[in-house]
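For reference, the structure is listed below as structure tokens.
The values are calculated or read from the model by the stated rules, or taken from the named source; none is laboratory data. Bear in mind that the values here come from a model prediction, so they are computed numbers and not experimental data. Cβ placement follows ideal geometry from the backbone for every residue including glycine, while neighbour counts extend to all protein chains displayed.
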Amino acid sequence: MIWHKDTLTLRTQGKGLYPFTRKLSALVQGWDIGEGICHLYIQHTSASLVVSESYDPTAKIDLETFMERLVPENQAWHQHVLEGSDDSPSHMRAMLTQTSLSIPIDEGKLSLGTWQGIYLFEHRSHGHGRRVLVRCLQV
């Protein structure tokens, strides 16, 4: 077994879903892994990772709107607002989603479903450079 390691830095422009399936797929294909597993981990508490619909752009809009409604900003009970009104809600949104993902690799490709895509979900209002650790085990 062989471990392949890298870090993807993804630049965001504020809240929303940022696809990075192509970037990750190119990295995995460059390692020439026939069979294995790809593990992703985001090193942040105000952003997360999700697998979601990647064909219809309205699905992305619905998911972003859902999160805004589920965890709104500017609530009177928020105490953690040191970095702004999006501070506490961004941590809550990250807690509700995922900080890591594992995707099988079969025949040299990520084994995603037909309509699945991999996204970084930015929960802060301002842009950030987000780091996603990529660890792939080749068997």
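Polar (S, T, N, Q) and farther than 13 Å from residue 135 by Cα: does that describe residue 45? Answer is yes for this residue. In the set 119, 55, only one residue is at pLDDT below 95 and within 30 Å of residue 34 (Cα to Cα); that residue is 55. Residues that are crowded, with 19+ Cβ neighbours inside 10 Å and assigned to a loop (DSSP other than H, G, I, E, B) within segment 106-139 comprise 123, 124, listed in sequence order.
Does residue 135 satisfy being closer than 14 Å to residue 17 by Cβ and touching a residue at least 24 places away in the same chain (Cβ under 8 Å)? Even if it seems obvious, please write down each step before you answer.
On the way: closer than 14 Å to residue 17 by Cβ: no; touching a residue at least 24 places away in the same chain (Cβ under 8 Å): yes.
Considered against the rule, which asks whether it is closer than 14 Å to residue 17 by Cβ and touching a residue at least 24 places away in the same chain (Cβ under 8 Å), residue 135 comes out as no.
The residues of segment 22-53 that are over 13 Å from the mean Cα position of the chain (by Cα) and among the small types (Gly, Ala, Ser), listed by number, are 25, 26, 30, 34, 36. Is at least one residue of segment 95-115 under 18 Å from residue 15 (Cβ atoms) and small (Gly, Ala, Ser)? The answer is no; no qualifying residue exists. Scanning segment 19-38 for residues that are closer than 30 Å to residue 73 by Cα and surrounded by fewer than 16 Cβ atoms within 10 Å (Cβ to Cβ) turns up just one, 19. Within segment 69-105, the set of residues being touching an Asp or Glu at 6+ places or on another chain (Cβ under 7 Å) and part of a loop (DSSP other than H, G, I, E, B) comprises 73, 80, 81, 85, 86.
Name the single residue that is farthest from residue 122 (Cα to Cα) among those in segment 53-90 being small (Gly, Ala, Ser) and crowded, with 16+ Cβ neighbours inside 10 Å. Top of the filtered list is 54. Of all residues in segment 39-52, which are of a type in the set (A, V, I, L, M) and surrounded by fewer than 18 Cβ atoms within 10 Å (Cβ to Cβ)? 50, 51 - these are the residues of segment 39-52 that are of a type in the set (A, V, I, L, M) and surrounded by fewer than 18 Cβ atoms within 10 Å (Cβ to Cβ).
Considering the conditions (1) within 17 Å of residue 122 (Cβ to Cβ); (2) touching a Cys at 6+ places or on another chain (Cβ under 8 Å), residue 37 is excluded by exactly one of them, (1).
So which of 5, 23 ends up being under 26 Å from residue 60 (Cβ atoms) and either part of a loop (DSSP other than H, G, I, E, B) or of a type outside the set (A, V, I, L, M) (or both)?
Selected residue: 23, the only one of 5, 23 that is under 26 Å from residue 60 (Cβ atoms) and either part of a loop (DSSP other than H, G, I, E, B) or of a type outside the set (A, V, I, L, M) (or both).
For segment 125-136, does any single residue satisfy the condition of being more than 30 Å from residue 84 (Cβ to Cβ) and of a type in the set (Lys, Arg)? Within segment 125-136, one or more residues are more than 30 Å from residue 84 (Cβ to Cβ) and of a type in the set (Lys, Arg). Can you find a residue that is in contact with a Leu (Cβ under 8 Å, 6 or more places away or on another chain) and aromatic (Phe, Trp, Tyr) anywhere in segment 40-51? Within segment 40-51 (the criterion being in contact with a Leu (Cβ under 8 Å, 6 or more places away or on another chain) and aromatic (Phe, Trp, Tyr)), the answer is yes, since at least one residue qualifies. Filtering segment 31-67 to residues that are under 13 Å from residue 105 (Cα atoms) and not in a strand (DSSP E or B) leaves 31, 32, 33, 34.
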